[in-house]
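The values are calculated or read from the model by the stated rules, or taken from the named source; none is laboratory data. For clarity, every value in this text was computed on a predicted model and none was experimentally measured. Glycine gets a Cβ as well: all are built from the backbone with ideal geometry, and neighbour counts include every protein chain shown.
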Amino acid sequence: MQSPHGKTVLIVHAQPEPTSVTRQLVHASVAALRAQGHAVLQSDLYAMGWKAVFDADDFPDRARDARLSFVDESAHAYAHGKQTADVEEEQRKILAADAVILQFPLWWFGMPAIMKGWIDRVWAYGLAYGFRGEGNALRYGEGGFAGKRALLSVAVGGPAIDYSPRGINGPLEQLLFPITHGALFFPGMQVLPTFAVYGAGRMDAASMAQACGDWRARVERLFDDEPIAFRPQNGGDYPDRHVLADHVAPGQTGLLAHIGNARDTAASPVPAAALQEA
């Protein structure tokens, strides 16, 4: 899988419309990465007909029949090679990748259900959590995906001003915290600040070209840009692995207390051009 001239990047995307902003940005991703000599893997979830629902069908060989415990069955299936073929293939891709890019439209303040279902099913116990049988000892900066980078590319229908620091929808990076800090940093990935395109439903050709150019520049820095400074669980900030020490971010509570330079990463930058176009 490894490119002889670069790294391997997995692009997972969820947008069924070929002409959508998301799909055009996916094409830009592939072009930029390949131009740098990187190998590109893709998971087009809609084209794959990805099963989004995490249920008993994911465990054809049950450890226990009496009651469905997703943690126990995921651990059993992963440890004994009893996962479904589609899940095993996606895990093979992500383990081969040096970086993962998730590209999606913002639907009801989160990712589409099909992409959430991809994470639900692929993030197995023993891999993305419960790593090496250590329970919660290896998480938030450590785990099965440690050493990999992650980046979100989000197409937002609303105007940028709604997602500004005091905007009515809330800052985008805070809305996406369950994905960046939870789904990605929890199993060990280094997560870069989110790239967002606002007013995605009203973009003309010139705006789309600008967005693709801006995105290509971000993709080209995938292995150079500084990640969000999420606080690692085992770096000393959480003495009991659960709660921040009193001297860390004193007086701060909520999401931003868990980011080292929260003032810089509280919200995605809102360029003047985006505000004017919104």
Pairs where the first residue, in the range 191-217, is on the phi > 0 side of the Ramachandran plot and in contact (Cβ under 8 Å) with a residue 60 or more places away in the chain and the second is part of a helix (DSSP H, G or I) and buried (at least 16 other Cβ atoms within 10 Å of the Cβ), C-beta under 7 Å, 6+ apart: 199/277
For the range 106-151, how many residues meet the condition of being assigned to a loop (DSSP other than H, G, I, E, B) and either touching a Leu at 6+ places or on another chain (Cβ under 7 Å) or buried (at least 18 other Cβ atoms within 10 Å of the Cβ) (or both)? 18
Quick test for you: out of 47, 99, pick the one residue that is within 30 Å of residue 223 (Cα to Cα), surrounded by 15 or more Cβ atoms within 10 Å (Cβ to Cβ) and of a type in the set (Gly, Ala, Ser). 99
Tally the residues that are charged (D, E, K, R) and in contact with a Ser or Thr (Cβ under 9 Å, 6 or more places away or on another chain), restricting the search to the range 37-85. 3
Taking the range 139-170 and keeping residues of a type outside the set (Asp, Glu), touching a residue at least 60 places away in the same chain (Cβ under 8 Å) and closer than 28 Å to residue 122 by Cα leaves 139, 140, 141, 149, 151, 153, 155
Residue check: is residue 197 touching a Ser or Thr at 6+ places or on another chain (Cβ under 6 Å), modelled with pLDDT of 95 or more and of a type outside the set (Gly, Ala, Ser)? no
Within the range 205-220, is even one residue buried (at least 18 other Cβ atoms within 10 Å of the Cβ), assigned to a loop (DSSP other than H, G, I, E, B) and either touching a helix residue (DSSP H, G or I) at 6+ places or on another chain (Cβ under 8 Å) or charged (D, E, K, R) (or both)? no
Quick one: is residue 71 in a helix (DSSP H, G or I), surrounded by fewer than 19 Cβ atoms within 10 Å (Cβ to Cβ) and of a type in the set (Val, Ile, Thr)? yes
Which condition number in (1) in a helix (DSSP H, G or I); (2) within 12 Å of the chain's Cα centre (by Cα) is the one that residue 162 fails? (2)
Could you check how many residues of the range 89-122 are among the β-branched types (Val, Ile, Thr) and over 17 Å from residue 143 (Cα atoms)? 2
Lone unmet requirement of (1) surrounded by fewer than 21 Cβ atoms within 10 Å (Cβ to Cβ); (2) farther than 29 Å from residue 122 by Cα; (3) of a type in the set (Gly, Ala, Ser) for residue 235: (2)
